[in-house]
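Taking it in order: structure first as structure tokens, then the write-up.
What follows is calculated from the coordinates using simple rules that are stated; it is not laboratory data. Since the structure is predicted, the reported quantities are computational estimates derived from the model, not experimental observations. For neighbour counting, all protein chains shown are included, and Cβ atoms are generated from backbone atoms with ideal geometry for every residue, glycine included.
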Amino acid sequence: YSEHPGTPLPHFDPTNFELYFLSRINTLPVTYWEEDVNLHGGAFYSISSIKCLRDSIRTKKFLMGIAEAVERLSQDRERVEVCDAGSGAIPIFAIYAALISSKVNATCLEVHKDSTDIAKSLVHAMGLGDRITIEQADATTFVPDRYYDLLVSETIGNALTREPIVQIMDNLVPYVESDGIILPSHILVKAALISVDDFFSAGKRYEHFNGATSHYYDPQWHTVASFKPGDKLDTVS
């Protein structure tokens, strides 16, 4: 996959889902496997953004929402303008929307150059380059040249603090049609106090995620913040 012969492949074990998309690309940037959680302002490096696909429940839920939204919007529109803000190296939401309906025209916003390059190659390889545009841009400041029927952003992490979904929505919601759809439509941040003993010895209840087994404890959750796209939200402390 490398443009530079002799360069080692990424040091992670891709799932079949990831490999399906990566197999459509002939080359990858030399810095593709530089893995860090955040580039700046909440942006993920390429590998980290691709690994997000491993959260299968999250991914499926978003795809279900996109399918429902595109179907509804297509009923009374000749064209459905979609914006995927913070799309990562594999813009699966825009790709899925375009595959669902030929009416979809999608714009993907991604700040990381390597992720943008990978996404462009993938979209072209899948024959969707005429309906999906990849923009290297910061979704928190990007100024669209059109209004969107569907805005989707899966930039939710660590109680709205790790990724900039609040800032992205503040910037882009004004560019959504009055009868348009925004995903997610509502976010609740919940918190709970857990004793150290309970945290380290949660009995026989376990959670399996990303190939690692860890203790799972079901505490008494309390909602500490509620956010709807466009809301002005104080910093979560």
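Near P164, within a Cβ-to-Cβ distance under 14 Å, what is the net charge of the other residues, with Lys and Arg +1 and Asp and Glu -1?
For residues surrounding P164, the net value is -4.
Backbone phi angles across region 171-187, fed through the Karplus curve with coefficients 6.51, -1.76 and 1.60 (θ = phi - 60°), yield HN-Hα couplings of 7, 9, 3, x, 9, 9, 3, 4, 9, x, 10, 10, 10, x, 8, 6, 10 Hz in residue order; Gly and Pro are listed as x. The gain in end-to-end length when the D231 to N158 segment is fully stretched comes to 24.4 nm, 0.36 nm per residue minus the alpha carbon separation.
Modelled label positions at A191 and E71, each set 7 Å beyond Cα in the direction of Cβ, lie 3.9 nm from each other.
Cross-link pairs exceeding 25 Å between alpha carbons, from the set K113/K190; K51/K113; K61/K228; K61/K103: K113/K190.
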